[in-house]
Amino acid sequence: MHRLKIIYITLLILVSALYSCNQKDKQEFNPELDPLISLTQPIILKPGINQINLGNFIENDKNIDSVFFSEEGYTFDSNTKILEISHEFEQLPNISTIDIAVNGNTYSIVCLKSPKIDVNINYTPQSDITINSVSIAGDFNSWNPNTHPLKFADGIWTTNLSLDKGLYQYQLVVDGKWQNNYPEGDTVANGIGGYNTVLIAKNACSTNPLSLTTIDHNEDEIIIGTNHIPNQLCILWQNQIINTDLNKFKDNKYTIKIPEKAKDLDKSYIRVYSSHNTCLSNDLLIPLKNGKVVTSTKELSRSDKHLNIMYFVLVDRFFNGNEENDNPVNDPRVHYKSNYQGGDLHGIKQKLDEGYFEDLGINCLWISPIFQNPQTAFQEFPEPRRYFSGYHGYWPTSSTEIDRRFGDDLTFTNLVNTAHSKNMNVILDFVANHVHQEHQLYQDNKDWATELHLDDGELNIRIWDDQRLTTWFDTFLPSWDFENPEVTDTISELAIYWIKKFDLDGFRHDATKHIPEIFWETLTKKLSQNFKNKSIYQIGETFGSRELIGNYVGSDKLDGQFDFNLYFDSRNCFADSLCNMQNIAESLIASLSYYGYHNLMGNITGNHDLIRFISYADKSVFPGEDDKEAGWSRDITVQNGTSYKKLTNLAAFTLSIPGVPCIYYGDEIGMPGVGDPDNRRMMNFDKLNENETKTFETFKKLIDIRKNNIEFIYGTTNIIDAGNNTLVLKRQYFGHVSYLIINQSGQETCISINKNETGDIASYTIHFDSEINELNSSYQFMLAPYSFEILTKK
């Protein structure tokens, strides 16, 4: 292992005057006049001119008196609803607001300044051979080496990157050959049999960051605390600012007066943002019920999106509840693994009736696409060009009919109604990007599709980055051209159809990054207009940098996306026996900093496009071996019992951090599988072995802990300690405090926590019965190899 290179950037800290995002006049709280569609997430302002279409945020502009930005240098076009911010970026405060005046009331959208860090990358050749070109590819540029060439001078190849703080992986491409940047960085496994170089980007804010916490509350007030007095403090109730006075901080505590109007609303929120010099703090999100602080998850309902614990059901591979609709493709070229295996909506409904999901603790089902798919097989374009059926549901020949092999309208209606009766949400996997060539909409409107052939004659198939918004997934899967307004309007109406007809609670959106943002803005606006009093959760799928993923997240687009960057960093660490948990800590902080400390991003245990975690940890794929081919050539099983323990360590982490946990079917028992379709085996409900049964019970207990301790839903998040193989994570919401303690080594390990941190250990429930030794100033937790402990305040 090479030394870990950490980039520290020294920033010139300018001490500014105390500043709050106050309104000039006394604020009148009147949520009934709020023109904004929802509780607005902050907008990230980036270097250059920022154009914001406020029409995507505003429900009704008839009564709007004015729109203004809290800083100079902006224009607003009342016809197009475009706000253009041209203020010098370096002079922008960390927190600013877009303010909308309506009948003497002001409603605000918080804007946060993107905290970019300049990082220099150097490559020094280790020999005297002539090198003609060097470029860099990593998760910061979606692994596209064409975007960042290095320049040669004085024997060194260099380039500059502008990054958000956090952990990144990359490789250099030297004269067309991919390699690591020896000896500049540590390396980690990349999941495909090789290694990537690690880069951690830090600045002065990482050393002693400003930290907000919730301390106490009563019927009228909330007390928050900080470790530094901030230069900026912005507090909102709903979308209205509560005026503040930073001179009223006392002993690093500040008292917030709950608006009287809050008593009139069944549900509302207090939000807090702050910064110190150039550094943004974590944010706070405090739910209120009729003006009182919510203190228990029992006061929440399934409409509270943060409460979701999602379970991904791949319909054809879950459970066969009706053998009469079994109809696999009759084609000898289609292998059993890539054909229909009988799972259906009846099977999901049966497992609902049996209480499987309730027993596990799930409250949100993500159902794979159930649209009608082709009756015949099709040959995939990539080598070795196997034949597949559309068992997965992602080749729709109709966007309104349910695949007859899965069920019918009545079956799906009964499934959704049953889930709702058990306080579970149901979200459907919606395929907007493309259809199958047999789809009638395509047959009638072939000019609505993007071009299959590029100008140079190359087939535009799976060119994921250079043709991101036009590429086809295969020769028989035309992608829609969403620059055509008719396409955007038609496809978004199809999504509305499913919510209206089946009372669904949201969507998982396939191939999000391959669709322009205008479609997501259009769909989200239509959903808010059509379902004003319904909570609809939308989550997208994008593989790429945090910046690319984040471009599709916001009040005007999606609630969240799956956080693949955090998952890959977690997978690399929890699957290994020599893990620097600082890498996970840095990755978690990077995600929270970018998406918000109370985000609705999806934190996965795995998914249908990736090797299952347990098989990754079990080293089922040989170095350099293609994970998909491994599943075709060998029978993959779990060989090492410790792989189950590594899986539950991952689950403990995933179910303890902010966001929406998402369990891929079968992960709760440690079901193996390498690349697609081996990772999509038929679910096993019977004859579980001892390890599988224990894994299920551990998942069940972890879910129960999260669901019943509000700090895991709305609490602050702090890394107490992160080192080689050990991690201590703290979640706190007022007096509700929990700790996650992880040992990722193959040895029994003693992990110490200072008594000043925890207080009396007797005031906690020790959920997994670890041995605890009390010393003068600390408690020592003796954790078995690959294990964890969770403490929750009684």
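The values are calculated or read from the model by the stated rules, or taken from the named source; none is laboratory data. Not measured: the values here are computed from a predicted model. Neighbour counts run over all protein chains shown; Cβ positions are idealised from the backbone, glycine included. Heavy atoms of the whole protein, side chains included, go into the accessibility calculation; ligands, DNA and RNA do not. Shrake-Rupley method; radii C 1.70, N 1.55, O 1.52, S 1.80 Å.
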Quiz item: Considering only DSSP states other than H, G, I, E and B, which GluC sites (Glu not before Pro) in the stretch 253-329 qualify as loop sites with at most 11 other Cβ atoms within 10 Å?
Solution: none
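Quick check: net charge around LYS248, other residues with Cβ under 14 Å of its Cβ, Lys/Arg +1 and Asp/Glu -1? Numbers along the way, then the final one.
Working: positive: LYS250, LYS253, LYS257; negative: GLU221, ASP245, ASP251.
Net charge in that neighbourhood comes out at 0.
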Quiz item: Residue-wise, which Karplus ³J(HN,Hα) couplings in Hz belong to the stretch 675-689, taking 6.51 cos²θ - 1.76 cosθ + 1.60, θ = phi - 60°, and x for glycine or proline?
Solution: x, 3, x, 5, 7, 10, 5, 5, 4, 9, 10, 10, 6, 5, 7
Quiz item: Between the stretch 734-773 and the stretch 461-532, what is the C-alpha centre distance in whole Å?
Solution: 46
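What trypsin sites (Lys or Arg not before Pro) in the stretch 306-390 are in a loop by DSSP, with at most 13 other Cβ atoms within 10 Å of the Cβ? Write out the running numbers ahead of the final one.
Numbers: sites: ARG317, ARG333, LYS337, LYS349, LYS351, ARG385, ARG386; in loops: ARG333, ARG385, ARG386.
When the trypsin sites (Lys or Arg not before Pro) of the stretch 306-390 are filtered for loop state and at most 13 Cβ neighbours within 10 Å, ARG333, ARG385 remain.
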Practice problem: Apply 1/(1 + (r/R0)^6) to the Cβ-Cβ distance of THR400 and ASN146, taking R0 = 51 Å, and write down the FRET efficiency to the nearest 0.05. | Solution: 0.80
Self-check item: Proximal lysines to LYS687, defined as alpha-carbon separation beneath 28 angstrom and excluding residues fewer than eight positions away on the same chain
Solution: LYS337, LYS349, LYS351, LYS422, LYS619, LYS628, LYS645, LYS646, LYS700, LYS701
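Multiplying the sequence separation of SER777 and ILE518 by 0.36 nm and subtracting their Cα-Cα distance, what value in nm do you get? Kindly include the intermediate steps, with their values, before the conclusion.
Details: separation 259, 0.36 × 259 = 93.24 nm, distance 5.69 nm.
Value of the extension gain: 87.5 nm.
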Self-check item: the stretch 519-548: trypsin sites (Lys or Arg not before Pro) in DSSP loop, at most 16 other beta carbons within 10 Å
Solution: LYS532, LYS534
Quiz item: What Kirkwood hydrodynamic radius do you get for the stretch 82-203 when you take the inverse of the mean 1/r over all pairs of distinct Cα atoms, in Å?
Solution: 17.3
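For a Förster distance of 51 Å, can you work out the FRET efficiency between the beta-carbons of SER133 and GLU219, rounded to the nearest 0.05?
Values: r = 67 Å, r/R0 = 1.31.
With a Förster radius of 51 Å, E is 0.15.
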Self-check item: Interchain or long-range residues, amide H under 5 Å from ASP216's placed H
Solution: ILE223
Quiz item: Which ³J(HN,Hα) values, rounded to whole Hz and listed in residue order, are derived for the stretch 227-236 from phi using the Karplus coefficients 6.51, -1.76 and 1.60 in 6.51 cos²θ - 1.76 cosθ + 1.60 with θ = phi - 60°, glycine and proline given as x?
Solution: 8, 9, 6, x, 7, 10, 9, 10, 10, 10
Quiz item: So how far apart, in nm, are the two label points at ALA784 and THR75 if each is 7 Å from Cα heading toward Cβ?
Solution: 6.8
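Accessible area per residue for the chain in Å², computed with a 1.4 Å probe and the full protein assembly in place, what is it? Working shown, then result.
Working: 31650 Å² over 794 residues.
With all protein chains present, the chain gives 40 Å² per residue.
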Exercise. Please give the contour-minus-distance gain from LYS500 to ASN754: 0.36 nm per residue of separation, less the Cα-Cα distance, rounded to one decimal in nm.
Key: 86.0 nm
Practice problem: Express in nm, to one decimal, how much length is gained between PHE531 and ARG462 on full extension, taking 0.36 nm for each residue of separation and deducting their alpha carbon distance. | Solution: 21.3 nm
Practice problem: With the full set of protein chains in place, find how many percent of the accessible area of the chain is carbon and sulfur; take the probe as 1.4 Å. | Solution: 47
Quiz item: With point charges of +1 on the Cβ of Lys and Arg and -1 on the Cβ of Asp and Glu, referenced to the Cα centre of the chain, which listed residue (LEU161, ASN208, ASN218) lies farthest in the positive direction of the dipole?
Solution: ASN218
